[in-house]
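Here the structure comes first, spelled out in structure tokens, and everything after it is commentary.
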Amino acid sequence: MLTYTLRRLLIAIPTLLFIAFVIFMLLELAPGDPMANMPLTIPPEVKEKMREALGLGQPWYVRFPLWLNQFFIVEPQYWIDGLFGTNFADGAQRIISFQSRSPVFDTIAQRLPQTLWVVGMSYVVGVLIALPIGIISAYRQYSVFDQAGTFVSMIGFSVPPFFSGVLLIVIFSVTLGWLPSIYDTTLVVNDWASFKQQLAQMVMPVMVLALQTTAQVSRYMRASMLDNLGQDYVRTARAKGMRESVVVLRHVLRNSMIPVITVIALGIPSIFGGAIITEQIFKVNGLGQLLIIALQGNDIPMVMTLTFLFAILIVLFNLIADVLYGVFDPRIRYD
Amino acid sequence: MTDRAPQASADTILPAGDPTPPVLAVKARSQWRDVWDQFRSHRGAMASLVFLIAMILFVLAGPLVWRLDPTALDIRNKDLRPIVNALWGAEKVSWAHPMGTDNLGRDLMAQIMQGGRISLAVGAAAMILSIVIGTFVGVIAGYFNRLDGLLMRLTDLFLALPLLPLLLVMMLLFRDPLRAAFGPEQGIFILIVAGIGITSWMHTARIVRGDVLALKEREYVLAARSIGTPSRRIITRHLLPNVLSPILVSATLGLATAIITESALSFLGLGFPPDFPTWGKILADSVPRMTAFPERVIWPGLAISLTVLAVNYIGDGLRDALDPRIRGL
């Protein structure tokens, strides 16, 4: 198992380098010029100096290793410095956003909590709703509950977040006036009233995202339970006279969770990147919204860093999912 | 999956002038007839098929009947409410505009029709592109052992890309060059179709590869190869017909995702140019004023959701119908 994990980690390195290269070259082809919005009165030689100050003067085969160096060496150094008060970085050049002229990672660190709160919470809620639905749907296959569950997950697959979110706003904010339509990120939770306010503003974005998670996970849960319910060991367990709850919740559920856990792990990267639209609708200033703003502002370092971070998460969680699969299921041996 | 080739050739081997009709031919039913019968028993899928056909007719034939120009401004008749609002109060409604008009007096029904044409065309074209790429990669990887490792590594690489952010980047970067080369509408159309197609072929490729890997070890492929059939013909005559059903299922799912992705791009303002309606664009344009005019969000949203729901149900029914294990239950 350990050798497998190590091998996968080693394969992940060239994969990530290649992805970084693809993203870099894609952005390199960009016709947009970050200097386009500068006043025309700036003399050409000054403009050239400004380009160099932004790090744009060099050809790509110089800038790409420089960017890699900044991303993998300089930024972690700053991070360690911030944690332990050391001085590894020694004033090295960080990745600077074109728009805000501040380090990209500082902005990301500011945006991360909102995304983690809203989108992470929605993922947890979605999974918690999905598991019982999947279990009951499979146990009572073709019952009314199963049909309803299928329909709900179909809705979750079919209704895009930019419609379900807007619909919720129309119903609960406009018509009923129960919930705020805009997520207030400046809200500080320090007493009961502000906690209730925080809860109220989180309900809608969380539900919109949870619907999609629920749709997916409950389908997998149901299919996996159905696979296991027909197995011989279930008949054996029943024949031994075990109670039905023990058979279903201990024997079948445990075995069914194996593929579901990997599906859940595979979905985690989307927590960070996938909620772009929902964040846009509810005005949550998280990572997704940051990406959109950076894209519209031609902020290449920000776009590059964010997209690459998402790629790292996807590769990492793919690996974790595969390893978990091997850990939970002793029948699977990768070596 | 059963191989259909022997059955077909048995029919053709019969002498042309044989007076006795082949007994088997009366009883034998074609595979697709079986599939259709099974599909019909799935009520949700049947209803969805009827709905989807109605929707396609609505957007294709609708403008022939409903001859209002979706972009024509009619400032006197702006902000009309849909006709259903007359049920619960005397509001600004008019039979001339059953779905109402927007803040510039453009007819919403004509816009929905025009937008549906674009959305469905983009969805279909992107789905076809992704299916073609996916099938090609899958068949090549499954059939030729030498290319398998390379192509599957490529597929894994694509699966590891953050697709929506990259799609957004592509939209932003290549919008202007393509617009200059092909004109505003065609350029964006090509860009969106290519973008969605290139970022969504991987699942099809994996499914097709898995099936081809299993199929190429079957006896009839060995038989075909032993009589000297070239690889090209083995693929087109023996393998492709047998992987058709998973391809069909993933095509329906691909259509659903393509429609949603296009609408999402339009919603984020990175799709078609303004005043060129698609369902996502109409929805996005209506969001700022949705407190006063919620129906303008609901019409396009319902159109997207119901169409995608119908396509998903059809995919579900197709999967059941094409799976011989559950057929006849």
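Brief remarks on what is shown
- Among residues of the stretch B:200-214, those that are without any contact (Cβ under 8 Å) to a residue 60 or more places away in the chain and buried (at least 20 other Cβ atoms within 10 Å of the Cβ), counted: 0
- Considering residues of the stretch B:253-280 that are away from every other protein chain (no Cβ under 11 Å) and touching a Phe, Trp or Tyr at 6+ places or on another chain (Cβ under 9 Å) only, the residue modelled with the highest pLDDT: B:Gly254
To keep it simple, each residue is scored yes or no on (1) modelled with pLDDT under 80; (2) within 14 Å of another protein chain (Cβ to nearest Cβ).
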{"position": "A:Arg140", "(1), (2)": "no, no"}
{"position": "A:Ile155", "(1), (2)": "no, yes"}
{"position": "A:Leu167", "(1), (2)": "no, yes"}
{"position": "A:Ser173", "(1), (2)": "no, yes"}
{"position": "A:Trp178", "(1), (2)": "no, no"}
{"position": "A:Thr185", "(1), (2)": "yes, no"}
{"position": "A:Val206", "(1), (2)": "no, no"}
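- Single residue of the stretch A:101-147 satisfying the filter (over 26 Å from the mean Cα position of the chain (by Cα) and among the hydrophobic types (A, V, I, L, M, F, W, C)) that is farthest from A:Val74 (Cα to Cα): A:Val144
- Filter pass, A:Gly32 being away from chain B (no Cβ under 14 Å) and either more than 22 Å from the chain's Cα centre (by Cα) or at pLDDT below 75 (or both): no
- The stretch A:219-234, residues that are closer than 18 Å to A:Asp329 by Cα and in a loop (DSSP other than H, G, I, E, B): A:Gln231
- Residue check: A:Leu253 meets all listed conditions (1) at pLDDT below 85; (2) over 17 Å from A:Pro113 (Cα atoms) but one, namely (1).
- The set of residues in the stretch B:281-298 being under 21 Å from the mean Cα position of the chain (by Cα), closer than 12 Å to B:Asp102 by Cα and more than 7 Å from every other protein chain (Cβ to nearest Cβ) consists of B:Ile282 alone.
- Residues in the stretch B:163-187 that are more than 14 Å from chain A (Cβ to nearest Cβ) and either free of Cβ contacts under 8 Å to residues at least 12 places away in the same chain or within 25 Å of A:Met302 (Cα to Cα) (or both): B:Phe182, B:Gly183, B:Gln186.
- Assessment of the stretch B:110-126 against the conditions (in contact with a His (Cβ under 8 Å, 6 or more places away or on another chain), under 25 Å from B:Ile298 (Cα atoms) and open to solvent by 10 Å² or more (accessible area, probe 1.4 Å)) yields no matching residue.
- Candidates are the residues of the stretch A:45-100 that are surrounded by fewer than 14 Cβ atoms within 10 Å (Cβ to Cβ) and among the polar types (S, T, N, Q); the one that is nearest to A:Asn298 (Cα to Cα) is A:Gln58.
- Residues in the stretch A:176-199 include at least one that is in a helix (DSSP H, G or I), more than 19 Å from the chain's Cα centre (by Cα) and under 29 Å from A:Leu266 (Cα atoms).
- Hits in the stretch B:299-313 (condition: open to solvent by 30 Å² or more (accessible area, probe 1.4 Å) and more than 7 Å from chain A (Cβ to nearest Cβ)): B:Trp299, B:Leu302, B:Leu306
- Filter result for the condition that a residue is within 28 Å of B:Arg206 (Cα to Cα) and in contact with a Lys or Arg (Cβ under 8 Å, 6 or more places away or on another chain), over B:Ala321, B:Ala264: B:Ala321
- Helices (runs of 4 or more DSSP H) fully within the stretch A:235-335 that include at least 1 residues being farther than 26 Å from A:Ile133 by Cβ and open to solvent by 20 Å² or more (accessible area, probe 1.4 Å): A:276-282, A:287-296, A:300-328.
- Test: A:Gln216 is away from every other protein chain (no Cβ under 14 Å), polar (S, T, N, Q), part of a helix (DSSP H, G or I) and more than 14 Å from A:Val118 (Cβ to Cβ): no
- Test: residue in the stretch A:218-232 that is among the basic types (Lys, Arg) and either in contact with a helix residue (DSSP H, G or I) (Cβ under 6 Å, 6 or more places away or on another chain) or at pLDDT 85 or above (or both): yes
- Residue count, the stretch B:316-329 (criterion: part of a helix (DSSP H, G or I) and more than 10 Å from every other protein chain (Cβ to nearest Cβ)): 6
- Residue match in the stretch B:268-275 (condition: free of Cβ contacts under 8 Å to residues at least 12 places away in the same chain and either buried (at least 19 other Cβ atoms within 10 Å of the Cβ) or part of a helix (DSSP H, G or I) (or both)): no
- Single unsatisfied condition, B:Ala292 versus (1) closer than 28 Å to B:Val35 by Cα; (2) exposed (fewer than 15 other Cβ atoms within 10 Å of the Cβ): (1)
- Flag if A:Phe162 is over 26 Å from B:Ala256 (Cα atoms), out of contact with any Lys or Arg (no Cβ under 9 Å at 6 or more places or on another chain) and within 14 Å of chain B (Cβ to nearest Cβ): no
- Test: residue in the stretch B:145-158 that is in contact (Cβ under 8 Å) with a residue 24 or more places away in the chain, open to solvent by less than 10 Å² (accessible area, probe 1.4 Å) and touching a helix residue (DSSP H, G or I) at 6+ places or on another chain (Cβ under 7 Å): yes
The values are calculated or read from the model by the stated rules, or taken from the named source; none is laboratory data. This structure is a prediction, so every number in the text was calculated from the model and none was measured. Because the Cβ atoms are built from the backbone with ideal geometry, glycine has one as well, and the counts that use them run over all protein chains shown. Quick note on the areas: whole protein, heavy atoms, side chains included, nothing else; ligands and nucleic acids left out. Shrake-Rupley method; radii C 1.70, N 1.55, O 1.52, S 1.80 Å.
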